[in-house]
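J.: Here you go, one structure.
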Amino acid sequence: MIRTEHLGKTFGGKAAVDDLTLTVARGQFFCFLGPNGAGKTTTIKLLTGLLRPTSGRALIGGFDIVARPVEAKRLLGFIPDQPYLYEKLTGGELMQFVAGLYGMTGDGLAERITGLLNAFEVADAEDLLIGDLSHGMRQKLAFASTFLHEPQVVVVDEPWVGLDPKSIRNVKTYLRDRTRAGLTVFMSTHTLSIAEEVADRIGIIHQGRLLALGTVAEIKALATRPGTLEDIFLELTRDDA
């Protein structure tokens, strides 16, 4: 469902993403790890069409995100680390707006909106202005709106910012349940304990280059001595490694 082929992006002659090739299969929960400035967010912007690659290409469901953007984005949901939501809309109006973007109509739309607001515990936000909501409530509303059009691929950048422990657990459970039903998740996170818990496969990027790719067990096997995913991550991303 996600494939990158020699994907690269340079800024001012410096490679933010350098020759990235990877695949993420249908129904996989893929976690993308790396230090600050490693190239994670740039990769996500390339996957979602927010940036054009300098080299290579990215495909969503077989569609090149640059050459076939409409087809690719019909399959795609994206939750950035700082989601922008129209503050003068209520939560319910935002959901209706997103439904309109995807041409969603019909008698079942209201029930779907209610179901998603309940699933992410933001039913109270339906009649409240987004500008009056806390960051955590906005983040959960972003999740609810992302799943409105039933995407096949969801790309998530640092989703836990502003969420309390109960909400984190709820979102984790929702994402894992959806991957078992066939959803593909590509998630960037600094929370390595959560990545170790939920990931089917992991990629580690540093200075724009993919250092490691595999299951948690396969990544741990790369270490010089046994340890947690955090230990292996720190070992692999040392500047002198």
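J.: Can you work out which of the residues in the stretch 174-206 that are modelled with pLDDT of 95 or more and polar (S, T, N, Q) is farthest from PRO151 (Cα to Cα)?
T.: Restricting to residues being modelled with pLDDT of 95 or more and polar (S, T, N, Q), the top hit is SER188.
J.: Could you tell me whether any residue of the stretch 1-8 is at pLDDT 95 or above, in the same structural domain as HIS135 (by TED's automatic domain parsing) and in a strand (DSSP E or B)?
T.: No - not one qualifying residue is present in the stretch 1-8.
J.: Can you tell me which residue in the stretch 107-125 is farthest from THR146 (Cα to Cα), limited to those that are assigned to a helix (DSSP H, G or I) and not hydrophobic (A, V, I, L, M, F, W, C)?
T.: Applying the filter and picking the extreme gives ASP124.
J.: Of all residues in the stretch 9-49, how many are outside any loop (DSSP other than H, G, I, E, B) and within 14 Å of the chain's Cα centre (by Cα)? Quick ask: steps written out before the conclusion?
T.: Start the filter on the stretch 9-49 by keeping residues that are outside any loop (DSSP other than H, G, I, E, B), which leaves 9-11, 14-24, 29-33, 40-47.
Add one more test, that the residue is within 14 Å of the chain's Cα centre (by Cα), and what stays is 24, 29-33, 40-47.
Summing the residues that are outside any loop (DSSP other than H, G, I, E, B) and within 14 Å of the chain's Cα centre (by Cα) in the stretch 9-49 gives 14.
J.: I would also like to ask the following. So ASP19 ticks every box in (1) closer than 26 Å to ARG209 by Cβ; (2) free of Cβ contacts under 8 Å to residues at least 60 places away in the same chain; (3) among the acidic types (Asp, Glu) but one. Which box is left unticked?
T.: (2)
J.: Follow-up. List the number of the failed condition for SER193; all other conditions in (1) under 26 Å from PRO35 (Cβ atoms); (2) of a type in the set (Ser, Thr, Tyr); (3) in a loop (DSSP other than H, G, I, E, B) hold.
T.: Condition (3) is where SER193 drops out.
J.: Still on this structure, please answer the following. Starting from the stretch 162-183, keep only residues that are over 11 Å from GLY136 (Cα atoms) and assigned to a helix (DSSP H, G or I), then list their pairs with residues that are of a type in the set (Val, Ile, Thr) and modelled with pLDDT of 95 or more whose Cβ atoms are within a distance under 6 Å, requiring at least 6 positions of separation or different chains.
T.: Sorted first by the residue in the stretch 162-183, then by its partner, the pairs are LEU175/VAL185; THR179/VAL185.
J.: Would you be able to tell me the number of residues in the stretch 215-241 that are within 20 Å of ALA25 (Cα to Cα) and touching a helix residue (DSSP H, G or I) at 6+ places or on another chain (Cβ under 9 Å)?
T.: The qualifying residues number 2.
J.: Could you list, in sequence order, all residues of the stretch 50-89 that are free of Cβ contacts under 8 Å to residues at least 24 places away in the same chain, of a type in the set (A, V, I, L, M) and not in a loop (DSSP other than H, G, I, E, B)?
T.: Correct list: VAL70, ALA72.
J.: Could I ask something else about it? Being crowded, with 23+ Cβ neighbours inside 10 Å and either at pLDDT below 95 or closer than 22 Å to ILE232 by Cα (or both) is true for just one of LEU46, LEU22, LEU33. Which residue is that?
T.: Of LEU46, LEU22, LEU33, the one residue that is crowded, with 23+ Cβ neighbours inside 10 Å and either at pLDDT below 95 or closer than 22 Å to ILE232 by Cα (or both) is LEU33.
J.: Restricting the search to the stretch 126-140, which residues are in a helix (DSSP H, G or I) and either over 23 Å from the mean Cα position of the chain (by Cα) or among the acidic types (Asp, Glu) (or both)?
T.: Result: GLU126, ASP127, GLY131, ASP132.
The values are calculated or read from the model by the stated rules, or taken from the named source; none is laboratory data. Note that the coordinates shown come from a computational prediction; the quantities given were computed from them, not determined experimentally. Methodologically, a virtual Cβ is constructed for each residue, glycine included, from the backbone with ideal geometry; neighbour enumeration extends over all protein chains shown.
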